[in-house]
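The values are calculated or read from the model by the stated rules, or taken from the named source; none is laboratory data. Predicted model, so just to flag it, every value in this text is computed and none were measured. Don't worry about glycine lacking a Cβ; one is built from the backbone with ideal geometry, like all the others, and counts go over all protein chains shown. The area values use the complete protein model at the heavy-atom level, side chains included, leaving out ligands, DNA and RNA. Shrake-Rupley method; radii C 1.70, N 1.55, O 1.52, S 1.80 Å.
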Amino acid sequence: MLPHASEQTISEIENRVDKISNYSNMLQDKTPSEALNEIFNGLPVDFIEEVTPKYKCSCSKERLKSVIVSMGQKEIEDIIKKDGKAEIICKFCNKKYNFNKEELLSLLKKATSEENKLES
């Protein structure tokens, strides 16, 4: 709990937990300081710094290569036979990543190697 917080302050904050859980929704039409003032209305609030929240997805083609490898040899072989290529769309930022047949063959070798290591 907050250092030096009184029992009354702690109790007030606990009673406002439902508003705190909706904080991200509040940010759709309020600044962070406006949202916090609404949540902590009547309680003393000191703002140290206000920053604008930003969403940044950490997806990359390199990360998705490991996803393909983790699918396993048989699944990658099926993709190569059926389509000869693969497209993966990140569910967080909707960025599309395309893998051609050569890339899939390289990932297939890696998946095969990893599966052989596990069997040993």
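Got a number for carbon plus sulfur as a percent of the chain's accessible area, 1.4 Å probe? Let's see the in-between values first.
Working: 4800 of 9570 Å².
It is 50 percent, rounded to a whole number.
Of the chain, which part is the longest with no GluC sites (Glu not before Pro) in a loop (DSSP not H, G, I, E, B) and with at most 10 other C-beta atoms within 10 angstrom? Mind showing how you got there, number by number?
Numbers: sites that count: GLU49, GLU50.
With GluC sites (Glu not before Pro) excluded where exposed in loops, the chain gives 51-120 as its longest stretch.
Any chance you could run the full-extension gain for ASN41 through LYS96? It's 0.36 nm times the residue separation minus the Cα-Cα distance, nm to one decimal. Let's see the in-between values first.
Details: separation 55, 0.36 × 55 = 19.80 nm, distance 4.39 nm.
So the extension gain works out to 15.4 nm.
Sequence-ordered 3J(HN,Hα) estimates for segment 100-114 from the Karplus curve with 6.51, -1.76 and 1.60 and θ = phi - 60° stand at 7, 4, 4, 5, 5, 4, 5, 5, 4, 4, 5, 5, 4, 4, 5 Hz, glycine and proline given as x.
The shape of segment 1-85 can be summarised by an equivalent ellipsoid whose semi-axes, obtained from the alpha carbon gyration tensor, come to 48, 16, 12 Å from longest to shortest.
Please give me, ordered by residue number, the trypsin sites (Lys or Arg not before Pro) of segment 2-59 that lie in loop per DSSP and have at most 11 other Cβ atoms within 10 Å.
Values: sites: ARG16, LYS19, LYS30, LYS54, LYS56; in loops: ARG16, LYS30, LYS54, LYS56.
Taking segment 2-59 and a limit of 11 other Cβ atoms within 10 Å, the loop trypsin sites (Lys or Arg not before Pro) found are LYS54, LYS56.
Could you work out the local net charge near ASN100, counting Lys and Arg as +1, Asp and Glu as -1, over the other residues with Cβ closer than 11 Å to its Cβ? Charge balance near ASN100 sits at -2.
Where does segment 52-120 land on Rg(C-alpha)/(2.2 N^0.38 Å)? Mind showing how you got there, number by number?
Values: Rg = 14.0 Å, N = 69, 2.2 N^0.38 = 11.0 Å.
Normalised Cα radius of gyration, segment 52-120: 1.27.
Sequentially through segment 9-14, phi angles give Karplus couplings (6.51, -1.76, 1.60; θ = phi - 60°) of 5, 4, 4, 4, 5, 4 Hz, Gly and Pro residues having no value and appearing as x.
Under the combined filter of DSSP loop state and at most 15 neighbouring Cβ atoms within 10 Å, segment 91-120 retains these trypsin sites (Lys or Arg not before Pro): LYS91, LYS95.
Among all stretches of the chain without exposed chymotrypsin sites (Phe, Trp or Tyr not before Pro) (DSSP loop, at most 16 other Cβ atoms within 10 Å), which one is longest? Let's see the in-between values first.
On the way: sites that count: PHE40, PHE47, TYR55, PHE92.
The reported range is 1-39.
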